[in-house]
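A short write-up of the structure that comes next.
The values are calculated or read from the model by the stated rules, or taken from the named source; none is laboratory data. All values derive from a computational prediction rather than experimental measurement. Cβ atoms come from the backbone with ideal geometry, glycine included; neighbour counts cover every protein chain shown. SASA here: full protein model, heavy atoms, side chains in, ligands and nucleic acids out. Shrake-Rupley method; radii C 1.70, N 1.55, O 1.52, S 1.80 Å.
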Amino acid sequence: HRLIRRQRQMCIRDRDRSALVLLDQVLSKAEQEQTARYMGPLVKTMQPAFSALFPGAALEMNADFGVAALSRTQREDVADLSDGTREQIAVLVRLGFAEMLHARGVPAILVLDDALSFADSMRLERLFDVLAEAAKRFQILILTCHAELFAPLRGRMLSLRPQESFTSPR
């Protein structure tokens, strides 16, 4: 009698385990589909700029709106990319969000604060082309202590200079 009871319990555990495995698979698939559904427009918006900077590359986003990987000749996790490449990807992601806002008729501005200090000259030139094209649609503000680096963009250069004395506010 004990043997039969033990076999029944094992059978129930196996069924429960199988049900949990199936539930996990279904939930994982649903999560992937939903992530793809709401990330799809962002990826589609960003892909032209990514292709300009990384010809033939495709990007993979995660559910936290971050770039998970870049696929060129092979898939590369973002964590394994160089500092310069990660920095450029960060600029392109921000550009993608600005593009989406602009496409929806929402005023957009892209602010870059010394964002391209690790870029090599070839990538920087390509990125300048991407930024110049985007600047036709919305404002881009670049804050930098390396103004000469950004001179090819031919934007309006402003500079800060120290004042000898401050006047009190009125």
Inset, instruction - Take the residues in the stretch 123-152 that are open to solvent by 90 Å² or more (accessible area, probe 1.4 Å) and at pLDDT 85 or above, then tell me which one is farthest from residue 103 (Cα to Cα). - result: 125
Legend entry - Test for residue 98: is it in contact with a strand residue (DSSP E or B) (Cβ under 8 Å, 6 or more places away or on another chain), without any contact (Cβ under 8 Å) to a residue 12 or more places away in the chain and either among the charged types (D, E, K, R) or surrounded by 17 or more Cβ atoms within 10 Å (Cβ to Cβ) (or both): no
Legend entry - Extreme residue, most open to solvent (accessible area, probe 1.4 Å), among residues of the stretch 77-91 that are under 21 Å from residue 153 (Cα atoms) and out of contact with any Phe, Trp or Tyr (no Cβ under 6 Å at 6 or more places or on another chain): 90
Inset, instruction - Quick one: which residue in 111, 106 is among the hydrophobic types (A, V, I, L, M, F, W, C), open to solvent by 50 Å² or more (accessible area, probe 1.4 Å) and part of a strand (DSSP E or B)? - result: 111
Inset, instruction - State all residues of the stretch 69-114 that are of a type in the set (A, V, I, L, M, F, W, C) and farther than 19 Å from residue 55 by Cα; if no residue qualifies, say none. - result: 79, 97, 98, 100, 101, 103, 106, 108, 109, 110, 111, 112
Legend entry - Where a residue in the stretch 45-62 is open to solvent by less than 50 Å² (accessible area, probe 1.4 Å) and at pLDDT 85 or above and its partner, wherever it lies, is among the hydroxyl-bearing types (Ser, Thr, Tyr) and not in a helix (DSSP H, G or I), with Cβ under 7 Å and at least six apart: 57/71
Inset, instruction - Restricting attention to the stretch 58-77, report how many residues are outside any strand (DSSP E or B) and in contact with a helix residue (DSSP H, G or I) (Cβ under 6 Å, 6 or more places away or on another chain). - result: 1
